[in-house]
Every structure is written in structure tokens, then in C-alpha cells.
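Worksheet: one structure, shown below.
The values are calculated or read from the model by the stated rules, or taken from the named source; none is laboratory data. A quick note: this is a predicted structure, and the numbers were derived from the prediction, not measured. Glycine gets a Cβ as well: all are built from the backbone with ideal geometry, and neighbour counts include every protein chain shown. Keep in mind that these areas ignore ligands, DNA and RNA; they rest on the heavy atoms of the full protein, side chains included. Shrake-Rupley method; radii C 1.70, N 1.55, O 1.52, S 1.80 Å.
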Amino acid sequence: MRAGVIRGKHQFELAEVDEPRATEDHVVVDIVRCGVCGSDVHAYVEGWPYAPGICGHEWVGVVRELGAGVTHVHEGDRVAGGVAPGCGRCLECRSSMTDYCSAARATYSGRLAPRSGGFARSMALHAARLCPVPASLTDDDAALMEPASVALHGVRRSRLRVGDVACVVGCGPIGLLALQCARIAGAGHVVAVEPDAGRRAKALEVGADSAVAPGAELRDHLNALTGGLRADIAFDCAGVPVTLQQSIDMVRRGGSVCMIGVSGEAASVSPMRWLGKEVSVDTAMVFSLEEMRIVGGLIADGRLRVRPLHEQTVTLDALGQTIDDLANRRIDAVKVLVDPTAG
């Protein structure tokens, strides 16, 4: 079986891997769609040590085979994959911090298993990682449950309060989903901060109250909106090192920033400006299965719009070129999905 794997900096391979098998507490899922994540592109550009099991983690599929010990899912169930509940044995779990279970995180990130991610026709994974997909969702919509869960987790981790002026920095998939989650959570005004005019238009389409370019346009807009106070909170979704300090600068004294976007590069910051404003900084990584179930409901009832984000679907054969095109900005699709059954 072929599986898309990022081997290193600018190295992508369609590798031959063993057909997956369902062991005692695992299942085999046939993948029907898988999204290309920004972290996939970052790994390709920056040369992260990227485990095969994380290549293609935004997937939806159908359960084909059950291990002997699996009872809570059935053959034919349509599922998405997230982080398993705590193992109960690691130090974090034994310290009542099951959300940070080291075994669950290692499995989700591909350091332990599976041998391939969703850039393949099928994969085997622990049944505890599975989340049911609402019947009303299309496969394309369901493939965005995973990134939407990342965005929801970030908003729930943040210090957002009802009525806040919130800036969402970066209008890629996570930013476009985070701004919707911020609205759902009660933000009074959501400002999308994005240099690309097309993505600013997309932000307005999915629910931003305003969309501006960073720099002077943003400063003038925030001053007019808040009487000079600036935003209450900023969500840094860009995954670009420079935006961390920029996010700090756009919030008021006593405000907060929540980092959701990821980059492997170092960021330069001004500690004096952080201290002088007494800004709080939170970070968000991954999500829980509970949050994935919540996201499924939000998409199903129309409060979270994912369909406008999906702009292109490619085959496995085209995936390597597509990742390179995204890395070099030859294409600017917000969300590309892979159909591993095609071609």
C-alpha cells in the first residue's frame, strides 16, 4: 500500500508500507478524505522530524475491520480521528492531568503508531481515538472536523470573555475556524488580520466583523473601534514567528494572546513591552475527543461553516507536487483535501 510521507526538508515520498491489520484494541479505517494541514507544509519546508503516523492527520474514513477487543465502534461506522483519552498509567495521568497524557500525545503525533497517516488508502489505529461523524456531514465537511477541533480548543483555552474585541491573526484554515469559534463563544467584534486580500474576503464570508491588513491599517482600525485601547485578545493563528510580537502589540494593557498557529522557527520578542502591558499569553495544542464531538455538532447545525474553506481536492499521485506548490505559494488554496481512493 502507498502512503504519503515527509522524509525531511523538501523531501516527500509515496512510500510502500504494509497493509494495516486490526490488532486486539485497534481498528482498520479506510480513508475517504484527508486534509493537507499547515503543519504538513511546515514540516516539508523546515525539515521537522516528522513521524509517518502524523502525515495526514485531518482525515475521515469508514471502519473496515475490528480488533477482537473493540466493542464501542462497528464495521461501517464513519469516523474521524483525534487524541485518545488518558492511559491512566503515565506520570501525567497519575497526577490527575489526563488531558496531557504522554502516551496519548505520543500516539496522536505518530511517535508510537500508526505506521502511516491519512495520506493512504487505509490505516490502523487505536479504537479509543475514534470520534463518530454526524450523518448529515459530507465527507469533505467531516475532513475539516480535526482542524476545527484545534481552533475550538484554542478558543476554550483562551481568556476570551463575552463582548470582547478579538483579533484573529492569520486567515488560513485555523484562523478562519478560530474566528468563527470566537464568535460562537461570545466575542463582541472579531477583527481578521491578514495581508492577503482574498483571505480577508474569505474571513468576512465566514463571519468576521471586519478584516484588515496588518500595520497602519490595523492600528487605525483598532483605534477607531476601541477609542485607542486596542483589542482585548488576539489569537495568533499565522504560524509565523514575527506575528507573536505583533499580536502582543495589538492588544490593550492587561489583554491576552492565545497562540494556536505552530512554527518550528525561533521568535524574537520584546520582554519590556510584554511586561509593561502585563499581557497574558496562553498556548493551545491539539484537542480532546469531547471537543471533536462538539465540533461535529456545530458543523451539523450550521454554526461552524467549513465548506467555504475547501477549495481543491487532489489524488495521492498529485500530493507531493501539491505540498511543494503550497510551500512555494504557487497555489493559495485555503484547504486542500486528498482523495486517496482516486487515481
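For the pair A135 and K9, what calculated FRET efficiency results from E = 1/(1 + (r/R0)^6), where r is the Cβ-Cβ distance and R0 = 51 Å, to the nearest 0.05?
Here the calculated transfer efficiency is 0.75.
Computed from the C-beta positions of D30 and T71, the FRET efficiency with R₀ = 22 Å rounds to 0.65. Applying the Kirkwood pairwise sum to the alpha-carbon positions of region 144-206 produces a hydrodynamic radius of 11.5 angstrom.
Taking the Cα centre of each part, how many Å lie between region 197-243 and region 18-32? Between the Cα centres of region 197-243 and region 18-32 lies a distance of 43 Å. Each residue of region 102-111 was assigned a 3J(HN,Hα) from its phi angle through the Karplus expression (A = 6.51, B = -1.76, C = 1.60, θ = phi - 60°), giving 5, 5, 5, 5, 5, 5, 4, 7, x, 6 Hz with x at Gly and Pro. Result for the chain in a Gaussian network model with C-alpha springs under 10 Å: among V162, V133, V212, the largest mean-square fluctuation is at V162. Under 5 Å from the amide H of R7 lie the amide H atoms of F12, E13, each residue being 5 or more positions distant or on a separate chain, with H modelled from the backbone and absent for Pro and chain starts.
The value of relative contact order for region 170-286, using C-alpha pairs under 8 Å at least six residues apart, is 20 percent. Just so you know, the Cα atoms of region 171-324 work out to an Rg and Dmax of 16.6, 53 Å.
Take every DSSP beta bridge whose two residues both sit in the chain, then give the antiparallel share in percent to the nearest 5. Of those bridges, close to 55 percent are antiparallel.
Evaluate the distance, in nm, between pseudo-label points positioned 7 Å from the Cα of E205 and of Y100 along their respective Cα→Cβ axes. That separation, rounded to one decimal, is 4.0 nm.
Computed extension gain for R157 through R21, at 0.36 nm per residue and net of the alpha carbon distance, reaches 45.3 nm.
Sort 213-223, 238-248 by packing, meaning the average of other beta carbons within 10 Å per residue, with the highest value first.
Per-residue Cβ counts within 10 Å, averaged per peptide and sorted highest first, yield 238-248, 213-223.
Considering only alpha-carbon pairs that sit under 8 angstrom and 6 or more positions apart, the relative contact order computed for the chain is 19 percent.
Taking every C-alpha pair closer than 8 Å and separated by at least 6 residues, the mean separation divided by the residue count of region 57-187 gives a relative contact order of 23 percent. Each 5 Å bin from zero holds the following percent of Cα-Cα pairs in region 282-343: 4, 14, 17, 16, 18, 18, 12, 1, 0. Applying D = kT/(6 pi eta Rh) to region 86-163, where Rh is the Kirkwood radius over alpha-carbon pairs, T corresponds to 10 °C and eta to 1.306 mPa s, the Stokes-Einstein value obtained is 106 µm²/s. The largest-to-smallest principal axis extents of the Cα set in region 189-228 are 27, 19, 8 Å.
Checking a compactness column here: for the chain, what do you get for Rg(Cα) / (2.2 N^0.38 Å), N being the number of residues?
0.99
Of L130, L225, L176, the residue with the greatest mean-square motion in the GNM of the chain, using alpha carbon springs below 10 Å, is L225. Only Cα sites of region 152-253 enter the Debye sum here, all with the same form factor; the resulting log10 I(q)/I(0) across q = 0.11, 0.15, 0.18 1/Å is -0.25, -0.49, -0.73, listed in q order. Ordered by 1.4 Å accessible area with all protein chains kept, K202, K335 run largest first as K202, K335. Computed over Cα pairs, the Kirkwood radius of region 25-119 leads via Stokes-Einstein (1.306 mPa s, 10 °C) to a diffusion coefficient of 110 µm² per second.
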